[in-house]
Amino acid sequence: MYKHLIAKLREYIFIILTATIISTTFFSKSFSEENVFVVDNINVEGIVNLNFTRDKYIEEALVSSFDKLKSRILLTRDLNKLNNIGSIKIKNLIDRFQIVEEIYQKDKYFAKFKIYYNDNKIKELLSDKNISFSQPRKISAIFFPILFIDDEMQNFDENYFFKEWNNNEIENESINFILPLEDLDDIYKIKEMKNNIGELDGDDLVNKYNIKNYTFAIMNYDKKKLNIHVKTNFDNNKMSKNISYQLENIKDEIQLNLILIDLKKQITDLWKEANIVNLLMPLSINVKFKNKNIKDFDKIKKIFYNISIIKKYTLEEFNINNSFFKIYYYGSPKRLKAELLKFGYELRNEQGFWELYSNE
């Protein structure tokens, strides 16, 4: 009798599932691939029994997606500021969700979700909490973990951070770290600059890798303390930071692993800070756009809508040749130019006037 009920339950759920997938497929809205407010690969699983309810797992997926969204767009120091957001509020922030995959097998349930958040509602929530958010795109960077123990530089094969760095992932990694070769010339240069690390020329050391982005973590363990000087260059934004950890034993791999994960988060935060969007200080810009036809006009309006740092825009003037927009946006002109370039449009300052050109 129990097995019969389970079989009927599966059949009933399968019918609902089919209808749900069909409905969500036909009403999907187009988003850019790097939209930070779209959260995918949210997996939930459980046991199918008489108490099974699909709604329970849907709610679990939505709450889990909010945690993933926070880790993607917020600096580590701001994560706790949204800890008290309940499931009802989270649901109100979501435009829709899609069940990408759903499996019932041997009384077990598995589902994969994709959640589409309403970016305006998220921005309103963050603004009310006085929190800025970040839109970091994925980049690759050379990572130099240089470890000194009692003033002796460790070889890479002895360096825990070198060996384990890429074996430990954090949520929403936006940096693809590439470990360097153990080049004797580079090691000599780093040793020579140990006490003047601020003058270290990172560009000179990474040129051979054909990658401009880099992170140096110069670590010095002495008197049960690990002092780390972080020096980064992400998209030509150079930053430095000093971090200290108490560490009783440099061979304690449990503590070293905790430090490694925290260090990776702090380096990622530096990249996030370079892409911060200040919701409290929107800027405005007047832009001229040349229309070849009405399709061009409609297309550029859709692009403005899909760029999340654009708060709103108004059409100031329109004629057969040109349209003139006033755009209200968060961030900087450099960031706005970069976002428009992703869609194939170049924003130029022509003798004090901003003009928008299609790269097609």
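Here are the numbers for the structure shown:
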| item | result |
| --- | --- |
| Fewest-first ranking of 63, 39, using other Cβ atoms within 10 Å as the exposure measure | 63, 39 |
| Cα gyration tensor shape for the chain, rounded if a/c is under 1.5, else prolate or oblate | oblate |
| Cut-off under 5 Å, modelled amide H: who pairs with residue 149 long-range | 154, 221 |
| Contour minus Cα-Cα distance for residue 326 and residue 43 (0.36 nm per residue) | 97.7 nm |
| Amide H partners (placed H, <5 Å) of residue 331, local residues excluded | 278, 283 |
| Residue-averaged 222 nm ellipticity for the chain, from DSSP H runs of 4+ at -39500 (n - 2.57), nearest 500 | -11000 deg cm²/dmol |
| Neighbour-count ranking [beta-carbon atoms within 10 angstrom, fewest first] of 179, 356 | 179, 356 |
| Phi-based couplings in Hz for the stretch 149-161 (Karplus 6.51, -1.76, 1.60; Gly and Pro marked x) | 10, 6, 6, 9, 6, 8, 5, 4, 6, 9, 8, 4, 5 |
| Highest-fluctuation residue, 35, 306, 167 considered, GNM on the chain with Cα pairs under 10 Å | 167 |
| Under the Karplus curve 6.51 cos²θ - 1.76 cosθ + 1.60, θ = phi - 60°, whole-Hz ³J(HN,Hα) for the stretch 298-308, x wherever Gly or Pro sits | 5, 5, 5, 5, 5, 5, 4, 5, 7, 8, 5 |
| Among the listed pairs 68/272; 191/225; 70/238; 138/342; 68/163; 311/337, those beyond 18 Å (Cα-Cα) | 191/225; 70/238; 68/163 |
| Length-normalised contact order for the stretch 233-360 - Cα pairs under 8 Å, 6+ apart - percent | 23 percent |
| Sequence of 76, 232, 215 once ranked by neighbouring C-beta atoms within 10 Å, starting from the fewest | 76, 232, 215 |
| Along the chain, longest interval not containing exposed chymotrypsin sites (Phe, Trp or Tyr not before Pro), exposed being DSSP loop plus at most 16 other Cβ atoms within 10 Å | 32-342 |
| Student exercise, the chain dipole from Lys, Arg, Asp, Glu Cβ charges, in Debye to nearest 20 | 1800 debye |
| Exposed-site-free run, longest, the chain (rule: trypsin sites (Lys or Arg not before Pro); DSSP loop; at most 16 other C-beta within 10 Å) | 139-222 |
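Bear in mind these aren't lab numbers, they're just calculated from the coordinates by the rules spelled out. Since this is a predicted model, take the numbers as computed values, not measurements. Glycine gets a Cβ as well: all are built from the backbone with ideal geometry, and neighbour counts include every protein chain shown.
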